[in-house]
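Asks: The following block contains the structure, expressed as structure tokens.
The values are calculated or read from the model by the stated rules, or taken from the named source; none is laboratory data. In this text the structure is predicted, and so the values were computed from the model without any measurement. For neighbour counting, all protein chains shown are included, and Cβ atoms are generated from backbone atoms with ideal geometry for every residue, glycine included. Surface accessibility is based on the protein's heavy atoms, side chains included, excluding ligands, DNA and RNA. Shrake-Rupley method; radii C 1.70, N 1.55, O 1.52, S 1.80 Å.
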Amino acid sequence: MNPLPLYVAIPLGAAFLIPLLGIWWRKSGETLAPLFTLVLAIMAVLQVTRPAAVYHMGGWAPPVGIALVSDGLSTLLLIAINVVGFLCILFSLKYMQTYTGLTKYYSLFMLMVAGMNGVVVSGDLFNLYVFLEVASIASYALVAFGVGAEELEAGFKYLILGSVASVMLLFGIGTVYAVTGSLNMADVAREIAMRFGGEMNPALLLAGAFFLMGFGLKAALVPFHAWLPDAHPSAPAPISAMLSGVVIKSLGIYAICRIFFNVYGIATGSAGSIIFANAMVTFALLSIIVGGLLAIGQWDYKRLLAYSSIGQIGYVMLGIGVGARVLATGGQLSVAGLAILGGLFHMFNHVAFKSLLFLSSGAIQHATGTRDMKQLGGLREKMPITSFTTNMAALSIAGVPPFSGFWSKLVILIATIKAGYTGIAIVAIIFAFVTLVYYIKVQREILYGTVSKLVEKAREVPALMYVPLIILAIACVGLGLLYPVVGPRVLEPARDALMNSAEYIQLVLG
Amino acid sequence: MTVYFMCIVLLTMGLYCLVAKKNIVKKILGIVIMDYAVNLYLIIIGYKTGGVAPIIEPNMPAATLERFVDPLTQALVLTSIVIGLGVLSLMVAMCIRLYEKHGTFDMSVISKLRG
């Protein structure tokens with residue numbers, strides 16, 4: 001049996017069941033959410049062994065019916081979403097005890113997972129938009145979950161900007177439908193390839209601009225990043241980990257990749273595809289520069305992590321953008337493949353280390369009651385496990401060998417240089433050192449140094465909180481060292497799915 | 001062509017309202033206007049002059065079939081309206097909570113976060 005609809009059905013059903021049972025059973029969320037997310041995580045990991053597949057909703061074949069599609073790229077995102085989702089739920093069990101309304105929290109969490117899973121398996125543009133809205137609405141509510149003044153303001157800001165992005169996306173989807181007469185992504189791709197010979201008419205260019213803006217806002221690429229440094233720190237720590245770890249990637253990066261590589265067919269080398277590839281590289285560079293520079297000056301630990309997310313998303317986009325530009329200008333396929341692989345690899349690594357960093361910031365806040373870096377210090381002696389895992393993640397994200405972040409940044413840089421963009425590569429290398437600088441600051445201010453007054457009383461967090469940290473820390477090292485195991489099974493199929501848009505059309509329409 | 005242009009004008013008006021107004025209730029109205037602009041746009045895409053409702057009956061003349069309006073965009077707009085309602089209610093709920101905290105709707109007073 002094809003498990004694709006279950007990725008949406010299980011969390012959606014759980015989101016409905018938890019508050020319903022919660023009327024009589026106060027612990028429904030704490031009991032059911034870990035169970036359901038564990039099932040999803042196991043299913044997602046096993047998805048690697050399955051070949052690419054299409055599921056026809058209600059038995060209607062595309063292009064008329066809605067199709068759910070799983071190929072290499074979807075599988076990569078499914079693993080990231082569901083495994084991190086399970087670990088964040090585990091962490092929430094203890095961390096969220098200080099909050100009230102927990103059944104609502106778990107229900108919203110499951111809705112967010114349902115929406116994200118829906119986005120990555122959807123093969124239909126409008127269906128993608130609906131799932132994106134489901135995930136977004138749940139995440140707006142979760143950012144404001146603390147209902148303090150700061151949380152509400154951050155949530156409201158995120159909500160307003162997210163709504164603008166949604167309006168832009170719907171406008172783009174409407175335009176694409178008006179031009180091609182279809183909403184099925186594979187069918188749209190075939191129409192664009194056949195009717196226009198890959199060339200984009202002005203309406204498609206406009207729609208593409210709307211897509212880049214809408215999804216770019218969800219991914220927090222730099223001109224559209226203003227909501228992220230407020231929203232991510234204000235959310236409860238497991239939600240910050242979900243937002244920075246997977247939401248910006250599945251709603252932003254994944255959607256940009258899917259639309260521009262598989263639907264718009266950026267490889268055709270038309271004038272339009274070069275414009276979009278240039279825009280991607282520009283946004284990526286801006287993100288790297290702005291995210292890196294602003295992160296250095298932060299003294300709020302979670303805010304520093306949020307700015308660092310912007311910078312690292314820039315690296316992901318740089319890999320993908322350079323790949324797109326090489327494809328669009330008709331360069332070597334091997335170089336484009338290397339760049340895209342680097343981008344996807346860095347995205348996968350960023351899922352591991354950024355969710356680990358946000359969870360550990362939650363553990364630190366849980367133990368000391370603050371996230372102001374000036375009031376912290378010498379945590380290494382009081383919280384050895386949290387400090388150790390934070391260290392692993394910081395070394396990994398800063399690109400110190402042999403941790404995973406080093407390899408993925410190296411691949412992106414090699415591909416950028418091979419593609420002939422030496423100037424861009426130099427900027428990227430300089431800002432890789434900037435990343436190192438602000439994570440050295442994290443180490444010095446939080447983990448080492450003199451033990452501050454607040455840290456004096458801190459104790460190591462309970463096992464339920466540090467087990468997810470340890471698992472993610474193992475992933476940070478493992479993803480780098482075990483690349484020969486992970487790469488051919490997870491990352492290379494994802495790259496191939498992006499490189500061969502004809503294969504995607506073939507898969508869906510048969 | 002003019003109607004498409006008017007849709008863009010409406011969208012821009014909503015965006016202007018969102019950016020220029022400090023009152024958060026007016027910002028919400030801006031979002032709603034933008035939402036309506038897009039819904040209108042989708043409806044216009046499927047519109048035909050002299051069109052009829054797309055209901056198939058046996059032995060229909062081919063001329064009637066050709067006059068059918070596109071039902072898909074109408075389905076999209078229905079979904080979009082429902083989503084818009086969900087987002088709107090969340091916005092208003094947050095707006096009320098913000099008012100309870102600060103006693104004002106003025107974003108420049110509420111705003112403490114640096115962005």
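Asks: Counting only protein heavy atoms and rolling a 1.4 Å probe, how much accessible area do A and B lose on contact, total for both sides, in Å² to 100?
Replies: Chain pair A/B: roughly 3300 Å² of buried accessible area.
Asks: Classify the protein assembly as shown as rounded, prolate or oblate from the Cα gyration tensor: take a ≥ b ≥ c as the square roots of its eigenvalues, call it rounded if a/c is under 1.5, otherwise prolate when a/b beats b/c and oblate if not.
Replies: Verdict is prolate for the protein assembly as shown.
Asks: In peptide A:158-167, what is the residue-averaged number of other protein chain Cβ atoms found within 10 Å of each Cβ?
Replies: Partner-chain Cβ atoms within 10 Å, mean over residues of A:158-167: 6.
Asks: Please state the shape class of region A:459-509: rounded when a/c is under 1.5, otherwise prolate if a/b exceeds b/c and oblate if not, all from the C-alpha gyration tensor.
Replies: Note, shape of region A:459-509 comes out prolate.
Asks: What aspartates and glutamates does A:K409 reach when the alpha-carbon gap must be under 17 Å and sequence neighbours fewer than 8 apart in one chain are set aside?
Replies: Reachable aspartates and glutamates: A:E492.
Asks: Okay, next question. Obtain the nm distance between the two label points defined at B:Y4 and A:I430 by a simple spin-label model: each point lies 7 Å from its Cα along the Cα-to-C-beta direction.
Replies: That separation, rounded to one decimal, is 4.3 nm.
Asks: Skipping prolines and chain starts, which residues have an amide H placed within reach, meaning under 5 Å, of the one on B:V69, given they are 5 or more residues away or on another chain?
Replies: B:V52
Asks: Taking amide H positions as placed 1.01 Å from N in the peptide plane, with prolines and chain starts having none, which residues 5 or more places from A:S122, or on another chain, fall under 5 Å of its amide H?
Replies: Residues meeting the criterion, in which the H sits 1.01 Å from N, are A:V69.
Asks: Could you give each residue of region A:17-27 its phi-based ³J(HN,Hα) in whole Hz, using Karplus coefficients 6.51, -1.76, 1.60 with θ = phi - 60°, and x for Gly or Pro?
Replies: 5, 4, x, 5, 5, x, 4, 9, 10, 5, 9
Asks: Using unit Cβ charges (K, R positive; D, E negative) and no other charged atoms, how large, in debye to the nearest 20, is the dipole of the protein assembly as shown about its Cα centre?
Replies: In debye, rounded to 20, the protein assembly as shown gives about 1440.
Asks: Considering only protein heavy atoms, what per residue accessible area in square angstrom results for the protein assembly as shown with a 1.4 angstrom probe?
Replies: 37 Å²
Asks: Cα axis of helix B:71-102 to longest principal axis of chain B: angle in degrees, 0 to 90, nearest 10?
Replies: For B:71-102 against chain B, the angle is about 10 degrees.
Asks: Per residue of region A:87-101, in order, report the coupling 6.51 cos²θ - 1.76 cosθ + 1.60 (Karplus, θ = phi - 60°) as ³J(HN,Hα) in whole Hz, putting x for Gly and Pro.
Replies: Each residue's phi maps through the Karplus curve to give 5, 5, 5, 4, 5, 5, 3, 8, 5, 7, 4, 7, 9, 9, x Hz.
Asks: Work out which residues of region B:75-93 lose at minimum 50 square angstrom of accessible surface when the other protein chains are put back, relative to the chain isolated, with a 1.4 angstrom probe, and list them by number.
Replies: B:L76, B:I83, B:V87, B:L90
Asks: Would you list which lysines come within 17 Å of A:K94, measuring only between C-alpha atoms, while excluding same-chain residues fewer than 8 positions from it?
Replies: Within the straight-line limit of under 17 Å, A:K94 reaches these lysines: A:K27, A:K104.
Asks: Can you pull out the trypsin sites (Lys or Arg not before Pro) in region B:1-69 whose DSSP state is coil and whose Cβ has at most 11 other Cβ atoms within 10 Å?
Replies: Of the trypsin sites (Lys or Arg not before Pro), the ones in loops of region B:1-69 whose Cβ has at most 11 other Cβ atoms within 10 Å are B:K48.
Asks: Relative contact order (percent) for region A:4-509, with alpha-carbon contacts under 8 angstrom and 6 or more residues of separation?
Replies: Result for region A:4-509 is 17 percent.
Asks: Which whole-number percent is the relative contact order of chain B (Cα, under 8 Å, 6+ apart)?
Replies: Value for chain B: 26 percent.
Asks: Going by amide H atoms built from the backbone, whose H comes under 5 Å of the H on A:V400, apart from near neighbours?
Replies: A:F406
Asks: Turning to a different aspect of this structure: Peptide A:145-151: average number of partner chain Cβ atoms within 10 Å per residue?
Replies: Counting Cβ atoms of other protein chains within 10 Å of each residue's Cβ and averaging gives 3.
Asks: Let me ask something else. For region A:353-510, what is the relative contact order in percent, using Cα pairs closer than 8 Å and at least 6 residues apart in sequence?
Replies: Relative CO of region A:353-510 lands at 37 percent.
Asks: Using alpha carbons only, how many degrees (0 to 90, rounded to 10) separate the axis of helix A:384-398 from the longest principal axis of chain A?
Replies: 30 degrees
Asks: Scan region A:40-136 for chymotrypsin sites (Phe, Trp or Tyr not before Pro) in coil per DSSP, keeping those whose Cβ has at most 16 other Cβ atoms within 10 Å, and list them by number.
Replies: Counting only loop positions with at most 16 other Cβ atoms within 10 Å, the chymotrypsin sites (Phe, Trp or Tyr not before Pro) in region A:40-136 are A:W60, A:Y99.
Asks: If a paramagnetic tag sat 7 Å from the Cα of A:N2 along the Cα-Cβ line, which residues of region A:123-143 would have the backbone N under 17 Å from that point?
Replies: Flagged as within label range: A:123-125, A:127-128.
Asks: Along region A:136-144, what does the Karplus equation 6.51 cos²θ - 1.76 cosθ + 1.60 (θ = phi - 60°) give for ³J(HN,Hα), rounded to whole Hz, x for Gly and Pro?
Replies: Once rounded to whole Hz, the list reads 5, 4, 4, 6, 4, 5, 5, 4, 8.
Asks: Under the rule a/c < 1.5 gives rounded, and otherwise a/b versus b/c splits prolate from oblate, where does region A:178-315 land using the Cα gyration tensor?
Replies: prolate
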